[in-house]
1. What is the one condition in (1) modelled with pLDDT under 95; (2) among the polar types (S, T, N, Q); (3) buried (at least 21 other Cβ atoms within 10 Å of the Cβ) that S153 does not satisfy?
2. Among the listed residues V85, V117, identify the single one that is touching a Pro at 6+ places or on another chain (Cβ under 7 Å) and of a type in the set (V, I, T).
3. If we only count helices (runs of 4 or more DSSP H) wholly inside segment 255-373, which ones have 1 or more residues that are of a type in the set (F, W, Y) and more than 23 Å from the chain's Cα centre (by Cα)?
4. Would you mind listing the helices (runs of 4 or more DSSP H) fully within segment 84-185 where at least 3 residues are charged (D, E, K, R)?
5. Considering segment 231-283 alone, what residues qualify as being in contact with a helix residue (DSSP H, G or I) (Cβ under 7 Å, 6 or more places away or on another chain) and basic (K, R)?
6. From the list L255, L236, L195, which one is touching a residue at least 24 places away in the same chain (Cβ under 8 Å), of a type outside the set (S, T, Y), crowded, with 21+ Cβ neighbours inside 10 Å and in contact with a Gly (Cβ under 8 Å, 6 or more places away or on another chain)?
7. Only one of these is within 25 Å of A202 (Cβ to Cβ), acidic (D, E) and buried (at least 20 other Cβ atoms within 10 Å of the Cβ): D285, D276. Name it.
8. Please enumerate the residues belonging to segment 352-389 that are more than 18 Å from L329 (Cβ to Cβ), touching a helix residue (DSSP H, G or I) at 6+ places or on another chain (Cβ under 8 Å) and buried (at least 18 other Cβ atoms within 10 Å of the Cβ).
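The values are calculated or read from the model by the stated rules, or taken from the named source; none is laboratory data. Remember, predicted model here, so these are calculated numbers, not experimental data. Note: ideal-geometry Cβ built from the backbone for every residue, glycine included; neighbour counts use all protein chains shown.
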Amino acid sequence: MSRSSAASEADLLIAAKSTWIPAIRREHALAKGVVAMGRRVTFVERPSDIRAIRPGNLRDFAVGLCAQRKSTDMGPHLAVQARNVLLPAHRGKMAEYLDGQGLARALRAESPDAALVVTTPWQWAAGRVAGQRRRVADFGDDWSTLIPRAAASVRRWHEMIAAEADEVIVASPGLMDSFPGRSPRLIRNATDDGLIESPTTAPPRQNRMVYVGTLSERFDAPLLARVLDALPEWQLDLWGPCQYAGHGDQPGPELRDLLARGHDRVKWHGPAPRKDLARILDTGDVLVLPNRPSATAGQDSMKAYDYSARGRPLVSTELPELAVRPPLLAERSDVDGWVDALVAASVELDDEAVTAERSTVRRDWASRNTWSTRVPEWWATVNGVAVPS
């Protein structure tokens, strides 16, 4: 294992699993939190690949294969590094090698004093160019379940990380046993303080469900289609980017079927700007989390924290065994259960006193789980110093 010296004053270099925009994920919240502490952060984006090629941008894409593009106008102390690859790293040995070479070039261009945090297993080998800087893995997903065909490679990467990392941080207890011989630090997800501080508005009373998050194979679109069939007076608003395998940033077949089946009752609005999240969540009577349980292993859903921060009723599919469960969560496994939970939520909203009481319970729980309480512990762990009391 690397034994580089602790660097409590180091800046931060994040090899991210996403682009900076939309800034909606764990690594965005952590980066913003470290910036708020007065430290400089370089956010190395997930690379664009051939799926990003559009008419007229082929030349720019080709240039990006050999050169990184760095933007420093995202705000004080924050820089965003973009790059291109031909194929995603998990698509095979050659793709992994080429992605690693590009990431290594990006890392070599950064300050050797910055602590490096990688957020996907396949980024780890490229981080070996980091020299004596601290190298930390921070994972919020079990990639062996998200990309089953790469499960063997994920196990190999995890073994490498367990042997070499200065620290391993995970967001969920479901990942604690994934790194042989290591005891990762558990630092769960959280919600933005702004979602707590922003006053809530009255529910619209329009039988409206709202979902905010990534739309992919994990999202159980067929379940919601059947729920809407059973509740013809209900509507559904979807906010978030699409990441369906082989479809770039466009809806996959299941989501296309849901949008068509729902007609004007289902609307996809695209990514939700984080600054507008409170307003968007408040347009719903019920906030929904319809994920396939088989694809949620190792997760700690940020949506559960964000939803609770707005005090609205929350209906979810079954969460992983060790997942955090907010108070008053309706956790249902089938269409009938969802229908009953939505109807019960509607009854709750008919009583203003009950609505106010339950909203307070949810928001009080969320207020104890904010990023402002998580980031100091995370940052201290990254730097190998005592966790602040």
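1. If we test S153 against (1) modelled with pLDDT under 95; (2) among the polar types (S, T, N, Q); (3) buried (at least 21 other Cβ atoms within 10 Å of the Cβ), just (3) comes out false.
2. When all the criteria are applied, what remains is V85.
3. Numbers: elements: 277-281, 302-309, 335-350, 352-367.
Helices (runs of 4 or more DSSP H) meeting the threshold: 335-350.
4. Working: elements: 93-108, 143-146, 151-164.
Correct list: 93-108, 151-164.
5. If the condition is that a residue be in contact with a helix residue (DSSP H, G or I) (Cβ under 7 Å, 6 or more places away or on another chain) and basic (K, R), then R261, R265 are the ones that fit.
6. Residue meeting the stated conditions: L236.
7. D285
8. T370, W371, R374, V375, W378, W379
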